[in-house]
Amino acid sequence: MRVAVLGAGAVGARIARQLLSGTSVTQIVLRDTDADRLAQVSKSLGDRVIIEHAPFNSKLDAEVIVVATPSGTQVPAVVEAIEQRRPVISTSDSLAEMVELLKLSEQAQKNNIPVVLGAGFAPGLTCVLASHGAAWFDKVQEIHISKVGTGGPSCALVHHRALSRISYDWRHDNWVRRPGGSGRSLCWFPEPIGPQDCYRAALVSPVLLHHAFPEVSWITARVSASLRDRLTAPLPMLSPPHSEGGLGAVRVEIHGQRGTSHEVSVLGVVERPAVAAATVAALATEYAIAGKLKIRGMAGLSELVEPIDFLHGLEKRGLNVQIFEGDYEKE
Amino acid sequence: MMRTIKGALESVLAAAVVAGAFRLLGIDRIKRQVGGWRRAKGSDLR
């Protein structure tokens, strides 16, 4: 099976590496606009990789297409893949881009191909955790997502911009618009991250989760930010983004009815965001290759994968889920 | 000038007194977490 990975950055290069470490992918077409980066990455990937750098003349010759280019640049590649009737895995975490991608939903369904949206850390892993946690309840009432940390430079840029843009939370049959950087909430992440102040931002998770859980009345997403992050969010980034961030975490809090009682479950994962995003995207790609994606059309991982099986797959790749046990006071 | 500095110091002192009072009453911005995280085991992933 030949897979095309578009983008050889912090996430794309790792996706290629993970796919090559399995048996289902025989060859990878790795595309990037940066020839130097491609040369550097291809050295460690061996001879099963074909590298292509801009300008790209030929059509993509691959059975599955993974789009891991910087957020904001993914729409043309997804359009092309849908036209070619190839399954697509997109790692985009930009809200504006997600809205553009969702406009292609009808086309994807018509062409009868699966398109995985937001196959990363958050969204992505958070969608699978929400789907798994929701199964513990008779009725889910609230889902709250929070995230700490960023992956590569593109992810850092999305994080920076998201804090100055309008956030969308789903509450009681309406999208509630609030300014990014508002709504401070103290969220407890698994150790060593611990408690972090998290804020509203233009994040994708509520959109994908509302699609998957239309009956849930309250869905929010927040991101950890420092005072400097919030103050400088409306400005261009003052210093170039780091090549890769440090350890990050996600946290999924689910409220609902179990029997007659109201209960809360909290799941979390600690990992470097780019590593976790690549692991999730690589596993989603293997699902696409194996025909294990549950629906044809465009959706997030909550709807496309069987969560327990997927989480076992992630565990084998070193991504371990943690569960919070105890009581806490919600701010 | 002196009046401005005195006013600023008084404000800082008042804020510290109020914060101290809240802390003495056990009202803290850091909400406490009782419990901890554990790795998901077999029964959690069934």
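At-a-glance table
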| quantity | calculated |
| --- | --- |
| Per-residue Cβ neighbour rank within 10 angstrom, fewest leading, A:ARG14, B:ARG39, A:ARG171, A:ARG272 | B:ARG39, A:ARG171, A:ARG272, A:ARG14 |
| Exposure proxy order (Cβ contacts within 10 Å, fewest to most) of A:ASP61, A:ASP47, A:ASP229 | A:ASP47, A:ASP61, A:ASP229 |
| Whole-number D in µm²/s for the range A:1-99 (Stokes-Einstein; Kirkwood sum over Cα pairs; 20 °C, 1.002 mPa s) | 159 |
| Residue order, fewest to most beta carbons within 10 Å, for A:VAL128, B:VAL17 | B:VAL17, A:VAL128 |
| Expected 222 nm ellipticity per residue - DSSP helices of 4 or more, -39500 (n - 2.57), all of chain A, to 500 | -9000 deg cm²/dmol |
| Pairwise centroid distance, computed over Cα atoms, of the range A:83-162 with the range A:255-331, Å | 12 |
| Positive dipole terminus of the protein assembly as shown, leading residue within B:MET1, A:LEU319, A:HIS159 (C-beta point charges) | B:MET1 |
| Column: log10 I(q)/I(0), Debye, Cα scatterers of the range A:227-331, q = 0.16 Å⁻¹ | -0.97 |
| Within the protein assembly as shown: Cβ-based charge dipole about Cα centre, in debye rounded to nearest 20 (Lys, Arg +1; Asp, Glu -1) | 560 |
| Convex hull of Cα atoms in chain A, direction-averaged projection (nm²) | 16.2 |
| A:SER167 long-range amide H proximity, modeled H, under 5 Å | A:ARG178, A:GLY180 |
| Semi-axes of the equivalent ellipsoid for the range A:60-172, Cα gyration tensor, largest first, Å | 25, 19, 13 |
| Above-threshold pairs, the threshold being 23 Å between Cα atoms, out of A:LYS316/B:LYS41; A:LYS110/A:LYS292; A:LYS103/A:LYS147 | A:LYS103/A:LYS147 |
| Rg to Rh quotient for the range A:5-50, alpha carbon positions, Kirkwood Rh | 0.92 |
| Antiparallel DSSP beta bridges within the protein assembly as shown, percent to nearest 5 | 60 |
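Each value in this text was obtained by applying a stated rule to the coordinates, not by laboratory testing. What you are looking at is a predicted structure, and each value in this text was computed from that prediction instead of being measured. We place every Cβ from the backbone using ideal geometry, glycine too, and count neighbours over all the protein chains shown.
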